[in-house]
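Working notes for the structure below.
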Amino acid sequence: MSTSAGAAAYADGYLTEDDALGGVRARGTSAGAHPISPAGGAALSVLAATISARAVVEIGTGAGVSGLYLLRGMASDGVLTTIDVDPELQRSARRAFLDAGYGPGRLRLINGMALDVLPRLTDGGYDLVVADAVPGEYPGYLAEAIRLLRPGGVLVLEGVLDGGRIAEDAGGDAPGTAALRETAGLVRDDDRLLSALLPVADGMLCAVRREPAA
């Protein structure tokens, strides 16, 4: 095992997932979803807790692993709005959230294409926007997220390193990799955002929405 692979395995094992998360992860994996790694999930919890997030948008519900991590870090009255095109996965996620003790008032699960749903959400109404969905749509997610975030709100784009392909010669990019590379550049160069690309999970591109200039 390489040093980097060993470090990633250590990070994933640093916090042991409980039965609730382990069960949801197993169901999601068996259904063909790709749940966020334990280290990535823990990072989402910490980010949500750091800003006492009360209004969160998640793009890509999956079976509910990332949503559970988010809910655990959010304020006790926070509401998770989570979007996915797969109704079966969303039903599994809803069951997982309810079984974990999060009532219906904490949840807003929306079935549909994210780029159709996001424009209907409130400008500046969210503390945290997390995307872990279709790589080719990340530029669109970014544009919507900037609109949705309040000043001081946080954006997380998961999976941006694309298995290391984002660091390779751009000449052979697949469409998804090209979109991730484009999005990373857009975030870096946007004066409205303060950003960092973290080597957690498969790359978490995090950014804070700056306060408007006086």
- Task: Please turn the phi angles of the stretch 80-88 into ³J(HN,Hα) values with the Karplus equation 6.51 cos²θ - 1.76 cosθ + 1.60 (θ = phi - 60°), one per residue in order, whole Hz, x for glycine and proline.
- Result: 9, 9, 10, 10, 7, 8, 9, x, 5
- Task: Mind telling me which of Gly67, Gly41, Gly125 comes out most flexible in a GNM of the chain, alpha-carbon contacts under 10 Å?
- Result: Gly125
- Task: Would you mind checking which residues have amide H under 5 Å from Gly153's amide H? H placed 1.01 Å from N; only 5 or more apart, or other chain.
- Result: Arg209
- Message: Given the -39500 (n - 2.57) contribution per DSSP H run of 4+ residues, what per-residue ellipticity at 222 nm results for the chain, rounded to the nearest 500 deg cm²/dmol?
- Response: -12500 deg cm²/dmol
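Order of Ser76, Ser52, Ser195 from fewest to most other C-beta atoms within 10 Å?
Going from sparsest to densest Cβ surroundings: Ser76, Ser52, Ser195.
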- Query: Just how far, in whole angstrom, is the stretch 177-214 from the stretch 64-82 if you go by their alpha carbon centroids?
  - Reply: 22
- Message: I'd like to know how the stretch 84-186 sits against the 2.2 N^0.38 Å rule of thumb: what's its Cα Rg over that expected value?
- Response: 1.22
- Query: For the stretch 1-149, what's the radius of gyration and Dmax over Cα atoms, in angstrom?
  - Reply: 15.0, 46
- Neighbourhood charge, 14 Å Cβ-Cβ cut-off, centred on Val208 and excluding it, Lys, Arg +1 and Asp, Glu -1: +1
- Using a Gaussian network for the chain with springs between C-alpha atoms less than 10 Å apart, which of these wobbles most: Ile166, Ile36, Ile83? Ile166
- Long-range HN-HN contacts of Glu58 with modeled amide H, under 5 Å: Thr81, Thr82, Ile83, Val130
- Just check the stretch 1-89 against the gyration tensor rule for me: Cα atoms, a ≥ b ≥ c as the square roots of the eigenvalues, rounded for a/c under 1.5, and otherwise prolate or oblate depending on whether a/b exceeds b/c. oblate
- With a point put 7 Å past each Cα toward its Cβ, work out how far Asn111 is from Leu198 in nm, to one decimal. 3.3
- Under 15 Å, Cβ to Cβ, from Arg192 - net charge with Lys/Arg +1 and Asp/Glu -1: -1
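Readers should treat all values here as calculations from the given coordinates under stated rules, not as data from a laboratory. Fair warning: this is a prediction, and the values are worked out from it, not measured in the lab. With ideal geometry, Cβ positions are generated from the backbone for all residues, glycine too; neighbour counts draw on all protein chains shown.
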